[in-house]
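Report on the structure given below.
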Amino acid sequence: MTYNEILDLLRGTLETTGIWHFQWNVIVMWLIAFFFLYLAVVKKYEPLLLLPIGFGMFLVNFPKVPLMGWTEEGHGELLRIFYHYGLEWEVIPCVIFLGLGAMTDFGPLISNPKSLILGAGAQLGVFITFTGTVLAGFTLKEAASVGIIGGADGPTTIYLTQHLAPQLLGANALAAYSYMAMVPLIQPPIIKLLTTEQERRIKMKQLRPVSKREKIIFPIVCAGIIALLVPSVMPLMGMFMLGNFMRESGVVGRLSDTAQNALMNIVTIFLGVSVGATMTAENFLSHKPLFIFGLGMIDFMVCTAGGVITAKVMNLFLKEKINPIIGAAGVSAVPMAARVCQNLALKYDKTNYLLMHAMGPNLAGVIGSAAAAGMFIAMFN
Amino acid sequence: MLVVFVSSVFGSEFLGLQLPEGKILEKTDTYIKLEVPKSHDEILKFYKDLLKNEKDIKYRDWAEMTYIEDDGARPWHSINIYKNQGQTTIVQVNKDKWSWIIGTLVLRYIAVFVVLVILMIALSISGQVFSRLFKEEEPKKV
């Protein structure tokens, strides 16, 4: 073997490694990935999603790794296949909604239908952020996908973003889940700012018991109304209500159990890792994710304010006043936002348990953010 | 000749959008209106060819015009191609306008309320019906 042949062999071997193709920008992505892994593992912020997202992001930011590209035969590589069938086909968010439906007890919402108004009011930030995002130079579709972050509903954010602006999927999903995890930090100061101590002490009448029949009929009525009014969002809401119907009917315990446990866990892995895999250095390192994180924060704050203000406006007309704190739960983020409301109310009155009252707007927020997403989809279709 | 020349020069582009040859009827900062000596279908084909590789363009066929809308971040918002029966067609290109964005957002925010209010009414009615049914059933059991 000649000297040149040895050199050629060494060079050929070196070229197949990642070291040869190394670029500085992947280090930035590793740091971002480590940050989200830190939030998930150490801070326990939304670990079910931030962990696979962070690790997916870490994996794809190595040169030459066959994960998100295409083979020479034109087939997708491993994570590309997850992404293609799970997200590009918009399957995973809908399956997650099936599981969420199977996990959800709509009793607090059924017993207090007025809380639906709070869920609508809390969508204020979605529409205000849209305007700010357009001003920042995003397209209208991108603005819609960024705006929905304030709805604090991960699957809805992912569904809408994939539908309208798939190039922002990673940043939007990360912003949505990060801020959802930070609800206990973001919401209390805004609630305090917008309410008086007297308002925070308002005690609400105990919710009426909801019969099994009402709970069974609810998903049918809700699916029917939303299908008629916002058909574009039925892939999400249809699955949500199917999951809930399976739960409440009580006749398909095995299916309900699978939807809320095994199936939900499986798709969560695929969702997280696929979203993380979209965040390669060349896709992610631009000014847009920074804007998205900034606007997402404002979005959450305005949505919280929207819910609280709506509650205060409702109190002007209601005989039995509602505690405006529960308006903040209208941002969705189930059940964390409701827990935040409960904890805040308990600070001012140790006997004021608002959790079940806050669950109503919390669930209304899920429907409200899906309705807002449907409005955006309809706007561009 | 001079008028045609001037029209074609000034009418060749508006807010970065190429215009068909024609006579300028009105021009302001926010819109331009042209009279083009071509049929509606010819002008529509002209724009479909021009914008075929562009993203976020929406075509709507309305009774009085074809409405081409930009959902991207272009400086122009819409192209109205009026459905005239004669030899000439009126074409209007409008600048991106905030009134449209704010208007559509307000409308959609209200629509979210409407959806949830309808749901609330349905829930309230069904709740009342069920409570009455149970009240009627209870004495029977006793």
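The values are calculated or read from the model by the stated rules, or taken from the named source; none is laboratory data. In this text the structure is predicted, and so the values were computed from the model without any measurement. Cβ atoms come from the backbone with ideal geometry, glycine included; neighbour counts cover every protein chain shown. The accessibility values were calculated without ligands, DNA or RNA, using every heavy atom of the protein model including side chains. Shrake-Rupley method; radii C 1.70, N 1.55, O 1.52, S 1.80 Å.
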Hey, residue B:109 hits all of (1) of a type in the set (Phe, Trp, Tyr); (2) in a helix (DSSP H, G or I); (3) out of contact with any helix residue (DSSP H, G or I) (no Cβ under 6 Å at 6 or more places or on another chain) but one; which does it fall short on? (3)
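State whether the residues of the range B:93-111 include one that is more than 30 Å from residue A:375 (Cα to Cα) and open to solvent by less than 60 Å² (accessible area, probe 1.4 Å). Lay out the reasoning, then the answer.
Our first condition is that a residue be more than 30 Å from residue A:375 (Cα to Cα); within the range B:93-111, this holds for none.
Looking for residues that are more than 30 Å from residue A:375 (Cα to Cα) and open to solvent by less than 60 Å² (accessible area, probe 1.4 Å), one finds none in the range B:93-111, hence no.
Mind checking which residues of the range A:333-381 are of a type outside the set (S, T, N, Q), within 16 Å of residue A:125 (Cβ to Cβ) and touching a Gly at 6+ places or on another chain (Cβ under 7 Å)? Before you say what the answer is, go through the steps one by one.
Quick first cut of the range A:333-381, residues of a type outside the set (S, T, N, Q) only: A:333-341, A:344-350, A:353-361, A:363-368, A:370-380.
Going one step further and asking which of them are within 16 Å of residue A:125 (Cβ to Cβ), we end up with A:333, A:337, A:361, A:364-366, A:368, A:370-373, A:375-376.
Scanning the range A:333-381 gives A:361, A:364, A:365, A:368, A:372.
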Which residues, counting only those in the range A:88-109, are within 16 Å of residue A:333 (Cβ to Cβ) and either within 14 Å of chain B (Cβ to nearest Cβ) or free of Cβ contacts under 8 Å to residues at least 60 places away in the same chain (or both)? A:108, A:109
If you check residue A:278 against the conditions, is it farther than 21 Å from residue A:111 by Cα and open to solvent by less than 30 Å² (accessible area, probe 1.4 Å)? yes
Select from the range A:367-381 the residues that are more than 8 Å from chain B (Cβ to nearest Cβ), open to solvent by 10 Å² or more (accessible area, probe 1.4 Å) and assigned to a helix (DSSP H, G or I) and list them in ascending order. A:378
All conditions in (1) away from every other protein chain (no Cβ under 14 Å); (2) in contact (Cβ under 8 Å) with a residue 40 or more places away in the chain are true of residue B:68 except (2)
Across the range A:125-138, what is the total count of residues that are facing chain B (nearest Cβ under 7 Å) and closer than 18 Å to residue A:370 by Cα? 2
Sort out for me the helices (runs of 4 or more DSSP H) sitting completely within the range A:139-183 that have 3 or more residues that are away from every other protein chain (no Cβ under 12 Å) and either within 21 Å of residue A:334 (Cβ to Cβ) or at pLDDT below 90 (or both). A:154-164, A:169-181
Test for residue B:52: is it open to solvent by less than 60 Å² (accessible area, probe 1.4 Å) and either within 14 Å of chain A (Cβ to nearest Cβ) or in a loop (DSSP other than H, G, I, E, B) (or both): no
Residues of the range A:325-354 satisfying the condition of being assigned to a helix (DSSP H, G or I), open to solvent by less than 10 Å² (accessible area, probe 1.4 Å) and either closer than 29 Å to residue A:172 by Cα or touching a Pro at 6+ places or on another chain (Cβ under 9 Å) (or both): A:325, A:326, A:327, A:328, A:329, A:330, A:331, A:337, A:338, A:341, A:344
